[in-house]
């Protein structure tokens, strides 16, 4: 049993490290300070995210089905982030992928997981980098997103693509 636990911890650690790393950007970052020696990678983390969305069945209530799809936005004016709500079940359970650019001290990355819609709020399970995500559907069809990470909260709006 200890062997399986070590393998699970190693796998989660590797996933967490992979989620916090990315390749250098292929293009120049917008408005990078001249004194900065590190580029701000944003495009690779977003473009590598899987975009497979399975449309909800007719059994899924419209208020849940509205979350299905690809959503793009910015958190606190930082790099672009993308939420892909891949599946939505009639009971509100979802599978999703989230890709982010530079966010505080975290490098761009992406993670997939499961979550649940309750009322107008979609909450995803904790990401490997420790982030907690929630998205609230606004009356105008925009998602208000919040990412809690390392004691900080980042907010932004996401538009359906």
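May I have the convex hull volume per residue, in Å³, for the Cα set of region 108-155? Could you put the intermediate results ahead of the total?
Values: hull volume 4.2 nm³, N = 48.
Given the Cα convex hull of region 108-155, per-residue volume reads 88 Å³.
Annotation: extensible slack from residue 105 through residue 78 equals 8.5 nm (criterion: 0.36 nm per residue apart, minus Cα-Cα distance).
How many percent of Cα pairs in region 64-129 exceed 21 Å?
Working: 513 of 2145 pairs.
Taking all Cα-Cα pairs of region 64-129, the fraction more than 21 Å apart is 24 percent.
Each label was represented as a point 7 Å from its Cα along the Cα-to-Cβ direction; for residue 59 and residue 114 these points are 1.6 nm apart.
FYI, it's all coordinate maths here, none of it is from the lab. Please read all numbers here as calculations on a predicted model, not as lab measurements. All Cβ positions, even for glycine, are placed from backbone atoms using ideal geometry, and neighbour counts span all protein chains on display.
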